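Engineer: Below is one structure. I have some questions about it.
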Amino acid sequence: MALETHNCSLRLKQIIWCLSQVAQPAPPRPTQAQTGRFEPSGGKVCELLHVRAAGSVRLRRTRGERLGLRMMNCELLATCSALGYLEGGTYHKEPDCLESVKDLIRYLRHEDETRDVRQQLGAAQILQNDLLPILTQHRQDKALFDAVIRLMVNLTQPALLCFGSVPKDPSVRHHFLQVLTYLQAYKEAFASEKAFGVLSETLYELLQLGWEDRQEEDNLLIERVLLLVRNILHVPADPEQEKRIDDDASIHDRLLWAMHLSGMDDLLLFLSSSSAEQQWSLHVLEIVSLMFRDQNPEQLAGVGQGRSAQERSTDVAELEVLRQREMAEKRTRVFQRGNRHSQFGGSYIVQGLKSIGERDVVFHKGLHNLRNYSSDLGKQPRRVPKRRQAAQDLPSHRRSALNVRLFLRDFCSEFLENCYNALMGAVKDHLLRERAQQHDETYYMWAMAFFMAFNRAASFRPGFVSETLSVRTFHFVEQNLTNYYEMMLTDRKEAASWARRMHLALKAYQELLATVNEMDASPDEAVRESGRIIKNNIFYMMEYRELFLALFRKFDERYHPRSFLCDLVETTHLFLKMLERFCRSRGNLMVQNKRKKRKKKKKAQNQGVACGDVSRSPGELEAVWPALAEKLLRCAQDPELGVEDIIPFDAASEVPVEEQRVEAMVRIQDCLLAGQAPQALALLRSAREVWPEGNVFGSPVISPGEEMQLLKQILSAPLPRQQEPVEGDDEEEEEDQEEEEELQAVQVSEKEFNFLDYLKRFACSTIVRAYALLLRSYQRNSAHTNHCIAKMLHRLAHDLGMEALLFQLSLFHLFHRLLSDPAAGAYKELVTFAKYILGKFFALAAVNQKAFVELLFWKNTAVVREMTQGYGSVDSGSSSHRAPVWSPEEEAQLQELYLAHKDVEGQDVVETILAHLKTAPRTRKQIINHLVRMGLADSVKDFQRKGTQLVLWTEDQELELQRLFEEFQDSDDVLGHIMKNVTAKRSRARIVDKLLALGLVSERRQLYKKRRKKLAPSCVPSGEETLKDSRCDDLEEEEDLPEEESEEDEDQEEGLQAEAVQGSSFPSAENLGRSLRQEGLSAPLLWLQNCLVRAAGDREENGCSQPIPLVPLTEENEEAMENGQFQRLLRKLGMRSPTLGQETFWRIPAKLTSTQLRRLAASLNQREKEEGREQEAEPHPGVPGEQSPDDEPQAEAPRAFPSARKKKAGLASPEEEETAGEKEWKPEPKKRQLLDSDEEEDDEGRRQAPALGTPVIHKKKRFQIEDDDEDG
């Protein structure tokens, strides 16, 4: 009944409002004397908001509030008017006040992206004039009190939480700033003891209840009170609006003082220390961090203790710097102004300083201005893009009022003594168990840095911070530091936020090191021993030693502000000081060393073959061949020659099997050169079974004579070989990716630590550049920061003897600015170091005139040694990892060999030079680099090895290719017809490259298959056309794909099309199904078989067909669909892969009939397949046939087989063709099948068709269908 009355009253008020708007569209605004009340402009009557009874005193609204009411929605205004009114300091609530508060909560829940409801309520000052009086005066109404707390929590939530992030759109950013302004007004309204007194009393009463008496509503109210306090403290200050100086009370200080007077700080301490209230630990930690966000822990610890001698000396030094600069400015002004002003200052010529032309500079000002002359005067400064601008520092700390600082100091002391260990332990437990929200670990690291610094500055007691003083804490901070950097690289939009979190982690790490360093000075022996144990663990682990090197290398001034670099430099200084002292106190320090384990690729079995044997002359090879041929003939006639024991490839290697074909050819050649005829012949026959495509290792029915001829050609072929790396050649091992590969395993070992060796890791231009960047602001840096910079640069220059590392023009310009600074006396350490470096440079420049040119570049250690020891001394020195210098005789010999062999076709010019170069041992990379340096070659890319190509393009083959292109250039599939009719079978990519090289086509797109209309089903046999079209649909989609994607899949798709035309997908599917069952994928195969059977049944019933997606509903089937072997099976069966960006699942093509689907399903039945194999008697030799193009073979053997050449040219005798035709088709053990050509008799084709279970198909071409099982 009460709810209905409330709704009726709201409706009535809305109707009155609308009638007033219609009746008086734009009346003149009456004065206060006429009406006795204030009204907003526009004639909007607001009596409902003010008038409660006759003769009652109206509350006068401010101008901003009247403007806010004018902008409010009528329903929202009516709801606000039903809350109540304030009269003489007493707030009178309406009967339907509770329902109105709930309505406001509902309105906030459905506000738009501009947060319009929040802005209207903020403009009307509902929280200040209505909600706060209700909170303080009607606390006894529990339901209303809970609803008001809920509404306040919603209204005061941070603007970042409302909008997600700071908007970049100007219109939306305006709304963001408006909401932020209202939040600052809320914060000012809460800065009263009365409001926090009510919250503290409520929280105290709830915490007095035991866990058995506390209801769920009580826990919710506790959480809402804590969230409300958090929201109010989170509101950022507006320094321009407040205009407060240090030691003056800001709004935040007044808020903290109100919390102190109300006793809220004591309740927070209780929640932190109580083990029964650990569920609120994260809320309490967040509130505490917001309380101290503007404070400096070192300054806070010294409040009330008087100024120390160090602080007084620092102030005196700062005043002295200011006095010296002021005196210098006075002297400058005296020299600039004369007693008499002269209108004719004169013009001067500056000798030795050239202008734009060849003349000297003409200076038109007085001589006293010549010192400030610069060529950049009058030039427009170069605009730096926003994305490249340096990150700005956050607002610095401010000094609060004295009474607030005293209160915060006492709070910190009590918090450390009673609450720190308990609270940090509970928070760490929440973080590890993932009970916290995202980024809550930042509050943990802030609290660690702040309170450990306060403890160290006040009265150092390690027991107060023992919870976070462990190696596990070091590991936790280091992990988060690394994670923040990785996220900063991946999440570029939020890179600034990740950089701030990274800075927090660095501060925590710095304070951990400072606390451990402070433990060494403790009078307690147990404390000192604990510090030694922690340092021993930290210095032992490699991750902690490498952390600072990684941070310097990853420093980016676009995301990291100057304060981050300052903390990084100070932390590195502290770590090096602790590490150096620890190494001195111990004789030898053993540390952990980790490195990635590398291994060479598997070499040939015969390691005894010398390089000189490989590079024998043709005459020597001809002399060796007769004796070798006799051994090979005897081995060929030996029936006991075993092939099973020799494996031509490494199945465990990460190198693809196709790429190992080249290595197999090299192994055969090595065996022949070593005189190991049985091994060479067995390796050839084994490789023939592994790589049958292209007849690279001979035909399956090759005769012994042809086999001897093939071995002879392999013996004399110039095969590419990998150079073995020189021992100690570390740089070549890192750069030459062709000679080695990384393993996932990391080798862990121990070694003796050398501090100078570790310090050499900092001697790089990246780190020196970061220090120089911070040194530019030496006037703003603290004395300790400048000391850290000078100490590190002194370590590099003096301790390591690398002064030349700092010979850089930008650094020298900085030294000039430092030495000419009037207050240079305050920077004695920097001035002394600058003079030391300049003296070293001029001493070197007297010996090395090129030192002036070297000033323009940042240098590494190798260049530094060359500058100081002489150019070329590093290469000719005793260091084993540097190649010897090329002498003039060696360069002349290199040039002669290159010019003699560069145009020889069919050989690698670099390999030939390596074989004939009679100098010190050289690597392939050294020769290529020196050829480029001498100008004989344009780029290193000209010498990239492209695999073994034993069959080159001859002139006749080029003429044949040109003839075939002219014949089929008007067809739909130009490239397909060329590949079917070309004599020398090559890969698709090789033919395309040759067509482009001959200029027959200008781009690859001209060779794509063109779309054409499908023929009527009656024109061709249904079994062939349907299955073929199902494959061709996917192939014709290549026209819309990019060139790179099309080229990768062209060879594979054409092979699939050939399989579909010949109806040979069933044997391949059987082989794939067998291998998949061995892998444990029997259930997904059964699911696929059922899908095919159901699809066949649906097509028989409906009579129409459409693509059916294969949707995996179980996790096992979903994993199988992602398996590469399973996807290959789907392609063999003719399933259509999903279109990129449009489809997700594989599909059964619409072109497959129900009969074909049932046959495909039957091919997956393992039992039928095994029964069929048992019925077969003995295997028959396969029929040799032509090879369909495969995926870019890496090596091809010379086709030196007379019978094969006759057959390709059509010159084979009828007897040979009959012999081939009488042979029966039979699958071979290596999953290879040969289909007969159209030269066979029709009855032979009909005899083979039932064996396949497919209709009779008149074939036009021979194809070799193989199962790509080797990738599995």
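Engineer: When only alpha-carbon atoms count, how far does the range 800-944 stretch along each of its three principal axes, as whole angstroms with the largest first?
Structural biologist: 74, 29, 22
Engineer: A further question follows. Report the gain in length on full extension from residue 194 to residue 384: 0.36 nm times residue separation, minus Cα-Cα distance, nm rounded to one decimal.
Structural biologist: Difference between extended and current length: 63.2 nm.
Engineer: Under a plain spin-label model, where a point goes 7 Å from the Cα along Cα-to-Cβ, how far apart in nm are residue 1158 and residue 751?
Structural biologist: 7.2 nm
Engineer: Taking a probe of 1.4 Å, how large is the accessible area per residue of the range 525-590, in Å²?
Structural biologist: I get 41 Å² per residue for the range 525-590.
Engineer: Roughly how many nanometres apart are two label points built 7 Å out from the Cα toward the Cβ at residue 355 and residue 845?
Structural biologist: 2.8 nm
Engineer: If you roll a 1.4 Å probe over the heavy atoms of the protein chains, what accessible area per residue do you get for the range 128-280, in Å²?
Structural biologist: Working: 7110 Å² over 153 residues.
Heavy-atom accessible area per residue stands at 46 Å².
Engineer: Listed here are the pairs 1009/1132; 507/791; 194/428; which of them are more than 29 Å apart at the Cα?
Structural biologist: Correct reply: 194/428.
Engineer: Between residue 392 and residue 479, what length comes free when the chain is fully extended (0.36 nm per residue of separation minus the Cα-Cα distance, one decimal in nm)?
Structural biologist: Working: separation 87, 0.36 × 87 = 31.32 nm, distance 2.58 nm.
Contour length minus Cα-Cα distance gives 28.7 nm.
Engineer: While we're looking at this one, here's another question. Could you sort out which of 902/925; 554/828; 386/859 sit more than 21 Å apart by Cα distance in this structure? Intermediate values should be presented prior to the final figure.
Structural biologist: On the way: 902/925 17 Å; 554/828 31 Å; 386/859 29 Å.
The pairs that break the limit, which is 21 Å between Cα atoms, are 554/828; 386/859.
Engineer: Give the peptides 995-1004, 266-275, 682-691, 111-120 in descending order of average Cβ contacts within 10 Å, highest first.
Structural biologist: Output ranking for 995-1004, 266-275, 682-691, 111-120: 682-691, 266-275, 111-120, 995-1004.
Engineer: Okay, moving on. Distance cut-off 24 Å, Cα to Cα: go down the list 354/850; 941/1010; 941/994; 354/379; 379/493; 850/941 and report the pairs above it.
Structural biologist: Beyond 24 Å between Cα atoms: 941/1010; 379/493; 850/941.
Engineer: Once you put a point 7 Å from the Cα of residue 810 and another 7 Å from the Cα of residue 996, both along the Cβ direction, what distance in nm separates them?
Structural biologist: The two pseudo-label positions are separated by 4.1 nm.
Engineer: Can you tell me the FRET efficiency between residue 375 and residue 861 if r is taken as the Cβ-Cβ distance and R0 is 41 Å, rounded to the nearest 0.05?
Structural biologist: 0.75
Engineer: If R₀ is 56 angstrom, what is the calculated FRET efficiency for the pair residue 74 and residue 312, using the beta carbon separation as r and rounding to 0.05?
Structural biologist: After rounding, the FRET efficiency stands at 0.30.
Engineer: Something else: Could you please state how large a percent of the accessible area of the range 164-318 is carbon and sulfur, counting protein chains only and using a 1.4 Å probe?
Structural biologist: Here it works out to 50 percent.
Engineer: Divide, for the range 395-473, the radius of gyration over alpha carbons by 2.2 N^0.38 Å, where N is the residue count.
Structural biologist: Normalised by 2.2 N^0.38 Å, the Cα Rg of the range 395-473 equals 1.20.
Engineer: Quick one: with all protein chains in place, what share of the accessible area of the range 775-827 is carbon or sulfur, to the nearest percent (1.4 Å probe)?
Structural biologist: Whole-percent figure for carbon plus sulfur exposure: 55.
Engineer: How many percent of the accessible area of the range 440-479 is carbon or sulfur, using a 1.4 Å probe?
Structural biologist: 45 percent
Engineer: Residue 1111 to residue 438: FRET efficiency via 1/(1 + (r/R0)^6), r the Cβ-Cβ distance, R0 22 Å, to the nearest 0.05?
Structural biologist: The computed FRET efficiency comes out at 0.05.
Engineer: Still on this model: In angstroms, what radius of gyration and Dmax does the range 356-425 have, counting Cα atoms only?
Structural biologist: Calculated on Cα positions, Rg and Dmax stand at 28.4, 79 Å.
The values are calculated or read from the model by the stated rules, or taken from the named source; none is laboratory data. Bear in mind the structure is a predicted one, so any value in this text is a computation, not a measurement. Virtual Cβ from ideal backbone geometry, glycine too; neighbours counted across all protein chains shown. Only protein heavy atoms, including side chains, enter the accessible area calculation; ligands, DNA and RNA are left aside. Shrake-Rupley method; radii C 1.70, N 1.55, O 1.52, S 1.80 Å.
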